[in-house]
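Engineer: To start, I am sharing the structure in question, which I have written as structure tokens.
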Amino acid sequence: MDEQKVSPPARILVTKIGLDGHDRGSRIVASYLRDAGMEVIYTPPWQSIDAVVNMTIQEDIELIGLSSLATDHLIVPELMQRLSSEGLDEIGVILGGIVPDNERLSLLEAGVNEIFGPGACREEIVASVHELVMQTRKARVINQEIDR
């Protein structure tokens, strides 16, 4: 796992939006990411989209990990739109939990980078998060150069 560590440590927000209170999976994923050397900001369930966007800005988040077990993934496109409207298009977003096959494509089209279902292995999740954080960092450098 050492090859997945980056400096400075990746800043990850692990959260749940909507009304789903089942957070066992998100707690497990948060521990995977912490064990891989990432800084994880973990929230209790029932976060609003505005709260997630505000935390992303305030905490300088590089990737958002969402969990959905009770159809809360259906409001993820609204989160993606809010991130975009705030100029946070470069932030990686992953989703884990129960997502019906026929709803996956619309989430990916909305901007979700990866969707992990039950049984996804630690190594796969950590590698994906690492890669997405590196993409976020590259995009931020490019955006800073453009802004100059």
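The values are calculated or read from the model by the stated rules, or taken from the named source; none is laboratory data. Only a predicted model underlies this, so the values are computations on that prediction, with no experimental measurement involved. Note that we place each Cβ from the backbone using ideal geometry, even for glycine, and neighbour counts take in every protein chain shown.
Engineer: When the residues of segment 6-40 are filtered to those that are β-branched (Val, Ile, Thr) and touching a helix residue (DSSP H, G or I) at 6+ places or on another chain (Cβ under 7 Å), which remaining residue is surrounded by the fewest Cβ atoms within 10 Å (Cβ to Cβ)? Walk me through it before giving the result.
Structural biologist: Residues of segment 6-40 that are β-branched (Val, Ile, Thr), as a first pass: 6, 12, 14-15, 17, 28-29, 40.
With the extra rule that they be touching a helix residue (DSSP H, G or I) at 6+ places or on another chain (Cβ under 7 Å), the set shrinks to 6, 12, 14-15, 17, 29, 40.
Details: Val6: 15, Ile12: 27, Val14: 26, Thr15: 25, Ile17: 23, Val29: 25, Val40: 19.
Only one residue tops the list, namely Val6.
Engineer: Out of Val53, Val40, Val29, Val76, I need the residue that is touching a Leu at 6+ places or on another chain (Cβ under 8 Å), of a type outside the set (Lys, Arg), part of a helix (DSSP H, G or I) and within 23 Å of Val126 (Cβ to Cβ). Which one?
Structural biologist: Details: Val53 fails: within 23 Å of Val126 (Cβ to Cβ); Val40 fails: part of a helix (DSSP H, G or I); Val29 fails: touching a Leu at 6+ places or on another chain (Cβ under 8 Å).
The unique qualifying residue is Val76.
Engineer: Ok, one more. Taking segment 117-148, which residues are in contact with a Leu (Cβ under 8 Å, 6 or more places away or on another chain) and either among the hydroxyl-bearing types (Ser, Thr, Tyr) or without any contact (Cβ under 8 Å) to a residue 24 or more places away in the chain (or both)?
Structural biologist: If the condition is that a residue be in contact with a Leu (Cβ under 8 Å, 6 or more places away or on another chain) and either among the hydroxyl-bearing types (Ser, Thr, Tyr) or without any contact (Cβ under 8 Å) to a residue 24 or more places away in the chain (or both), then Thr136 is the only one that fits.
Engineer: Six or more apart or on different chains, Cβ atoms under 7 Å: show the pairs whose first residue is in segment 78-94 and touching a residue at least 24 places away in the same chain (Cβ under 8 Å) and whose second is among the aromatic types (Phe, Trp, Tyr).
Structural biologist: That search, which allows pairs on different chains as well, returns Ile94/Phe116.
Engineer: Condition check: among the aliphatic types (A, V, I, L, M) and buried (at least 21 other Cβ atoms within 10 Å of the Cβ). Does Leu69 satisfy that?
Structural biologist: Details: among the aliphatic types (A, V, I, L, M): yes; buried (at least 21 other Cβ atoms within 10 Å of the Cβ): no.
Criteria not met by Leu69.
Engineer: Sticking with this one: Mind listing whichever residues of segment 95-116 are free of Cβ contacts under 8 Å to residues at least 12 places away in the same chain and in a helix (DSSP H, G or I)? Full working, then the answer.
Structural biologist: Kept after step one, since they are free of Cβ contacts under 8 Å to residues at least 12 places away in the same chain, are these residues of segment 95-116: 100-102, 104-105, 108-109.
Within segment 95-116, Asp101, Asn102, Arg104, Leu105, Leu108, Glu109 qualify.
Engineer: Step by step: first the residues of segment 56-73, then only those that are of a type in the set (Asp, Glu) and assigned to a loop (DSSP other than H, G, I, E, B), then the one that is nearest to Met134 (Cα to Cα). Which residue is that?
Structural biologist: First, pick out the residues of segment 56-73 that are of a type in the set (Asp, Glu): 59-60, 62, 72.
Next, from what is left, pick out any that are assigned to a loop (DSSP other than H, G, I, E, B): 59-60, 62.
Values: Glu59: 17, Asp60: 14, Glu62: 9 Å.
Among them, the one singled out is Glu62.
Engineer: Next up: Test Ile125 against the criterion of being surrounded by 15 or more Cβ atoms within 10 Å (Cβ to Cβ) and either modelled with pLDDT of 95 or more or not in a loop (DSSP other than H, G, I, E, B) (or both), and give yes or no. Reasoning before the result, please.
Structural biologist: Values: surrounded by 15 or more Cβ atoms within 10 Å (Cβ to Cβ): yes; either modelled with pLDDT of 95 or more or not in a loop (DSSP other than H, G, I, E, B) (or both): yes.
Here the answer is yes, as Ile125 does meet what is asked.
Engineer: When you go through (1) out of contact with any helix residue (DSSP H, G or I) (no Cβ under 7 Å at 6 or more places or on another chain); (2) surrounded by 13 or more Cβ atoms within 10 Å (Cβ to Cβ) one by one for Leu63, which number turns out not to apply?
Structural biologist: Only one criterion is unmet by Leu63, namely (1).
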